[in-house]
Amino acid sequence: MENQLENKTILVAGAGGLLGSSLVPAIMAQGGKVIAVDIDAAAMIERLKRTGTDTDSELLVTGSLDVTDETSVKDFFENADQIDGAVNACYPRNKTYGAHFFDVTQDSFNENLTLHLGSSFLFTQQCAAFFKRRQQPFSLVNIASIYGVVAPKFDVYDNTPMTMPVEYAAIKSAILHLNKYTVAYVNDSRFRINCVSPGGIFDHQPEPFLAAYKSNTHGAGMLDVKEIEGAILFLLSEQSRYVTGQNIIVDDGFSL
């Protein structure tokens, strides 16, 4: 449906990333105003320009936000005016993230949980606090993953240096339940949180991985990032007014 986000202001955190930078123009195309934030605002704006986004549009406001900094996040929401919905597309991680299971240290594991899950909790908490102050409808979309729902298919990583990080599985599965906890705690149908759990998103991964991954889908293989947008736009819109605490899996059957 056209302009399903008209007169809505949507906060996109992590708008300089692969998903965030794709989502910003998609929301604008639906008539929504976007507050696009990332830890490096200048790099975010450059990436948005590369995606063809009109960064001078009256529908776009840009800024800097470090979702791992409690003071910054609280200050941001306390000083915010109108926000009708938010998408947390941030992916904070440390330099040793992505190591194979037996090479992951406890300190590194804990640090990545703090960075990613901790910031997801903080962002979710402050969205809820914003709603409690404003008492206006609010829809938050957090990004989980199929690997927060099912065990990894490790064979798709054969013949590559890649693996499915154990931290990722722990974080994404926890985010799914964090959503349910928070909406149950707030207990107001005007405040909704849902998740979208993408399958693999194409980002120039090695060919052996792409082929193995595709063999586990119904034919699409790795998805273009734009294929994830529809589910997020739906959850931000009035079309999903009473959908809350749910998880939409977009993976062309990979997790079946």
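The values are calculated or read from the model by the stated rules, or taken from the named source; none is laboratory data. Just so it is clear, the structure is predicted and the values come from calculations on it, not from any experiment. Cβ sites come from the backbone with ideal geometry, for glycine too, and all protein chains shown count toward neighbours.
If the condition is being surrounded by fewer than 18 Cβ atoms within 10 Å (Cβ to Cβ), in contact (Cβ under 8 Å) with a residue 24 or more places away in the chain and assigned to a loop (DSSP other than H, G, I, E, B), then segment 123-160 contributes 135, 136, 137, 149, 150, 153, 158, 159, 160. Here residue 202 does not fit the description of being over 22 Å from residue 17 (Cβ atoms) and without any contact (Cβ under 8 Å) to a residue 24 or more places away in the chain. Considering segment 93-112, and only residues there that are surrounded by 15 or more Cβ atoms within 10 Å (Cβ to Cβ) and within 21 Å of the chain's Cα centre (by Cα), the residue that is modelled with the lowest pLDDT turns out to be 98.
Pull up segment 196-216, narrow it to residues that are aromatic (Phe, Trp, Tyr) and surrounded by 18 or more Cβ atoms within 10 Å (Cβ to Cβ), then point me to the one that is farthest from the chain's Cα centre (by Cα). Checked segment 196-216; the qualifying residue farthest from the chain's Cα centre (by Cα) is 209.
Taking the conditions (1) farther than 28 Å from residue 136 by Cβ; (2) in a loop (DSSP other than H, G, I, E, B) in turn, residue 211 satisfies each one other than (2).
Here is a yes/no grid of residues against (1) buried (at least 16 other Cβ atoms within 10 Å of the Cβ); (2) free of Cβ contacts under 8 Å to residues at least 60 places away in the same chain; (3) not acidic (Asp, Glu):
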{"site": "186", "(1), (2), (3)": "yes, yes, yes"}
{"site": "189", "(1), (2), (3)": "no, yes, yes"}
{"site": "192", "(1), (2), (3)": "yes, yes, yes"}
{"site": "219", "(1), (2), (3)": "no, yes, yes"}
{"site": "229", "(1), (2), (3)": "yes, no, no"}
{"site": "248", "(1), (2), (3)": "yes, yes, yes"}
{"site": "253", "(1), (2), (3)": "no, yes, yes"}
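Taken together, the residues in segment 9-65 that are of a type in the set (A, V, I, L, M), under 19 Å from residue 116 (Cβ atoms) and touching a helix residue (DSSP H, G or I) at 6+ places or on another chain (Cβ under 8 Å) amount to 9. Scanning segment 78-120 for residues that are part of a loop (DSSP other than H, G, I, E, B) and either under 30 Å from residue 191 (Cα atoms) or of a type in the set (A, V, I, L, M) (or both) yields 80, 81, 82, 83, 84, 89, 90, 91, 92, 93, 99, 104. Restricting 57, 72, 64, 120 to those that are touching a Leu at 6+ places or on another chain (Cβ under 8 Å), surrounded by fewer than 17 Cβ atoms within 10 Å (Cβ to Cβ) and free of Cβ contacts under 8 Å to residues at least 60 places away in the same chain reduces the list to 72.
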